[in-house]
Amino acid sequence: MWTDPEKDPRNMAGVSPDGELATLQDYLTNYRLTLLMKCEGLGPEQLARRSVPPSTVSLLGLLRHLAEVERDWRSWILPGDPLPKLYGVGDADFDGALAEQAVVDAAYADLAREQAATDAALAEHPDLGERLGRDGIAVRELMVHRIEEYARHCGHADLVRECIDGRVGQ
């Protein structure tokens, strides 16, 4: 097993959350934890290792990509111009995922900061039916999209991690 079920931070002993918003937040939290668990215990070279050529996907790239995506989602809901890209245009989030400790440290910090900022922006809008931003996206749609994005990339992370050290996970 990937981790001892007794120590798995995603395990919920007892009753599931009440309400739609709490359930969505719980799923998002668990997928975020899963991504971090897939990266746990690896050095910069392993985190930056690309999956299968010609793909540029790496665990480090996924961390950077999700930081960029969190920032982008805020641009969907906040007034004004979109926030500037963290890493540049195109595939810079993956292309810049270099096997350097400073890049790794920055990726983790960027992800935590961007997640917190998006969470804070959405906390001001607890009504899942409320429509936000220029395109009038419903809070519910954004929450489901966030879960989908993390879930998809956790699948990628599982495959990349298996290529690195053979670990597969729950």
Exercise for review: Tell me which of these Tyr150 doesn't satisfy, since it passes every other one: (1) surrounded by fewer than 16 Cβ atoms within 10 Å (Cβ to Cβ); (2) of a type in the set (Ser, Thr, Tyr); (3) within 14 Å of the chain's Cα centre (by Cα).
Suggested key: (1)
Revision key, fill the gap. Across (1) open to solvent by 20 Å² or more (accessible area, probe 1.4 Å); (2) closer than 30 Å to Arg140 by Cβ; (3) at pLDDT 95 or above; (4) charged (D, E, K, R), Asp18 clears everything bar (3)
Check your understanding: Looking at region 27-42, which of the residues that are more than 30 Å from Gly133 (Cα to Cα) and touching a residue at least 24 places away in the same chain (Cβ under 8 Å) is surrounded by the most Cβ atoms within 10 Å (Cβ to Cβ)?
Key -> Lys38
**Study point:** Residue satisfying condition, being open to solvent by 30 Å² or more (accessible area, probe 1.4 Å) and either without any contact (Cβ under 8 Å) to a residue 60 or more places away in the chain or more than 18 Å from Ile147 (Cβ to Cβ) (or both), within set Ser55, Ser75
**Key:** Ser55
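Residues checked against (1) surrounded by 21 or more Cβ atoms within 10 Å (Cβ to Cβ); (2) under 22 Å from Leu42 (Cα atoms); (3) among the acidic types (Asp, Glu):
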site: Asp105; (1), (2), (3): no, yes, yes
site: Ala120; (1), (2), (3): no, no, no
site: Gly136; (1), (2), (3): no, no, no
site: Val144; (1), (2), (3): no, no, no
site: Glu162; (1), (2), (3): no, yes, yes
site: Val168; (1), (2), (3): no, yes, no
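Out of Arg32, Arg71, Arg64, Arg131, report the one residue that is touching a strand residue (DSSP E or B) at 6+ places or on another chain (Cβ under 6 Å) and at pLDDT 95 or above. Please lay out each step first, then the result.
Values: Arg32 fails: touching a strand residue (DSSP E or B) at 6+ places or on another chain (Cβ under 6 Å); Arg71 fails: touching a strand residue (DSSP E or B) at 6+ places or on another chain (Cβ under 6 Å); Arg64 fails: touching a strand residue (DSSP E or B) at 6+ places or on another chain (Cβ under 6 Å).
After applying the criteria, what remains is Arg131.
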Point to revise | Of residues in region 13-37 being assigned to a helix (DSSP H, G or I) and of a type in the set (Asp, Glu), the one nearest to Leu66 (Cα to Cα) | key: Asp26
Practice item. Please determine, by comparing only the residues of region 122-134 that are without any contact (Cβ under 8 Å) to a residue 40 or more places away in the chain and of a type in the set (Gly, Ala, Ser), which one is least open to solvent (accessible area, probe 1.4 Å). Key: Gly129
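If you go through region 73-83 one residue at a time, do you hit one that is farther than 17 Å from Gly155 by Cα, assigned to a helix (DSSP H, G or I) and basic (Lys, Arg)?
Taking region 73-83 and keeping what is farther than 17 Å from Gly155 by Cα, we get 73-83.
Filter once more, keeping what is assigned to a helix (DSSP H, G or I): 73-77.
If we keep only those that are basic (Lys, Arg) as well, we get 74.
Yes: one or more hits.
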**Study point:** Matching residues in region 84-103 - criterion: being part of a helix (DSSP H, G or I) and open to solvent by less than 50 Å² (accessible area, probe 1.4 Å)
**Key:** Ala92, Asp93, Phe94, Val103
**Study point:** Where Lys7 falls short, out of the listed (1) open to solvent by 40 Å² or more (accessible area, probe 1.4 Å); (2) at pLDDT below 85; (3) of a type in the set (Lys, Arg); (4) in contact with a Leu (Cβ under 9 Å, 6 or more places away or on another chain)
**Key:** (4)
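The values are calculated or read from the model by the stated rules, or taken from the named source; none is laboratory data. Small disclaimer: the values here were computed from a predicted structure and weren't measured. Quick reminder, even Gly has a Cβ in these numbers, built from the backbone with ideal geometry, and neighbours come from all protein chains shown. Side chains are part of the model used for accessible areas, which takes the heavy atoms of the whole protein and leaves out ligands, DNA and RNA. Shrake-Rupley method; radii C 1.70, N 1.55, O 1.52, S 1.80 Å.
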